[in-house]
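Read the structure below first, then the notes.
The values are calculated or read from the model by the stated rules, or taken from the named source; none is laboratory data. Keep in mind that this is a model prediction, so the values were computed, not measured. For neighbour counting, all protein chains shown are included, and Cβ atoms are generated from backbone atoms with ideal geometry for every residue, glycine included. Areas reflect the complete protein model, heavy atoms only, side chains present, ligands, DNA and RNA absent. Shrake-Rupley method; radii C 1.70, N 1.55, O 1.52, S 1.80 Å.
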Amino acid sequence: VVVDQVVTEKEGAESLKKVAEEDDHSPGSRTAFPNVGRDPRLTFSPPDDGHYQITVVDQYGGTGFTSMYTLSVKPAVPGFRLHAEAGMNHAPDRRVRPASFVLRRGGSYAVRLVVDRTGGWQGELTVTATDLPEGVTMAPVVVPVGQDVAYAVLRASRDAAVRATAMKWEGRGRHGEK
C-alpha cells in the first residue's frame, strides 16, 4: 500500500509525493507478530490538508482491474488484541500450530502473552486469567508502555483439581484518558 500526496504546481500540473508505505512484512511494522502472508496495516496521519492517492500493488508490482483488493480507510481507534501462546506444535507439513499444555499438581507453566497494538494504542496493559481450575493461580501481569510481550506464570497447588479447561484471558488498560 502506497499513499501519495497529490501536489498541484503553480502551472496547474499535478505530481505525486510519496508520504507513506506499508508492505505485508515490512521490517518497520510495530507488531509482535510477523505479518507475512497477511494484509498490510498502515496507520497514517496526513501531514497537510489536501488530496491523497492510495495505490495497492501486489508483490510483483502489478495492479489493475484483474486484481481484487478490499481497501478499508477509517479513523484510527486505539485498541489492542491479546494473544496467549501456550506453546507451538511444529506439524509434519512444516506449519506451526498452537498447542495445549499440561500443568501438573505442584508445578508451574509460563505462557507467552503478546499484545497486538492497533490504532496508535500505547497504554500499559494488565492481564488476568479467569475460569482457572480450583487450586490454579496466576498473578496479574503488567505489559508496560512500549513493550508487546510478557510472560504469565500459572501455578498449581499440590491438591489442584485435575481437569482439562479452557481459560479466559482478559486485558485491561488505559490509553490517554480512556
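Looking only at residues that are closer than 24 Å to V102 by Cα and among the hydrophobic types (A, V, I, L, M, F, W, C) in the stretch 121-141, which one is nearest to the chain's Cα centre (by Cα)?
Filtering the stretch 121-141 for residues that are closer than 24 Å to V102 by Cα and among the hydrophobic types (A, V, I, L, M, F, W, C), the one nearest to the chain's Cα centre (by Cα) comes out as V127.
From the list R112, R158, which one is charged (D, E, K, R) and either under 23 Å from P78 (Cβ atoms) or under 22 Å from the mean Cα position of the chain (by Cα) (or both)?
Of R112, R158, the one residue that is charged (D, E, K, R) and either under 23 Å from P78 (Cβ atoms) or under 22 Å from the mean Cα position of the chain (by Cα) (or both) is R112.
Can you pull out every residue in the stretch 117-143 that is assigned to a loop (DSSP other than H, G, I, E, B), open to solvent by 30 Å² or more (accessible area, probe 1.4 Å), closer than 20 Å to F80 by Cβ and not acidic (D, E)?
Once the filter is applied, which keeps residues that are assigned to a loop (DSSP other than H, G, I, E, B), open to solvent by 30 Å² or more (accessible area, probe 1.4 Å), closer than 20 Å to F80 by Cβ and not acidic (D, E), the stretch 117-143 yields G120, Q122, P140.
Could you tell me which residue of the stretch 90-102 is modelled with the highest pLDDT, considering only residues that are within 30 Å of V145 (Cα to Cα) and aliphatic (A, V, I, L, M)? Break it down stepwise before answering.
Let us first name the residues in the stretch 90-102 that are within 30 Å of V145 (Cα to Cα), namely 96-101.
After this cut, where a residue has to be aliphatic (A, V, I, L, M) as well, the list is 96, 99.
On the way: V96: 53, A99: 62.
Taking the candidates together, the pick is A99.
Among the residues of the stretch 119-143, how many are without any contact (Cβ under 8 Å) to a residue 24 or more places away in the chain and out of contact with any Asp or Glu (no Cβ under 9 Å at 6 or more places or on another chain)?
4
Take the stretch 144-175 and flag every residue that is of a type outside the set (D, E, K, R) and surrounded by 15 or more Cβ atoms within 10 Å (Cβ to Cβ).
Step one: list which residues in the stretch 144-175 are of a type outside the set (D, E, K, R), which gives 144-147, 149-154, 156-157, 160-162, 164-167, 169, 171, 173, 175.
Answer for the stretch 144-175, where residues must be of a type outside the set (D, E, K, R) and surrounded by 15 or more Cβ atoms within 10 Å (Cβ to Cβ): A150, A152, L154, A156, A160, M167, W169, G171, G173, H175.
Could you please find all residues in the stretch 144-163 being in a loop (DSSP other than H, G, I, E, B) and either touching a helix residue (DSSP H, G or I) at 6+ places or on another chain (Cβ under 6 Å) or without any contact (Cβ under 8 Å) to a residue 40 or more places away in the chain (or both)?
Applying the first criterion (in a loop (DSSP other than H, G, I, E, B)) to the stretch 144-163 yields 144-148, 157-163.
Passing the criteria: P144, V145, G146, Q147, A161, R163.
Just one of (1) at negative phi; (2) touching a strand residue (DSSP E or B) at 6+ places or on another chain (Cβ under 9 Å); (3) at pLDDT below 90 trips up G119, so point out which.
Single failed check for G119: (1).
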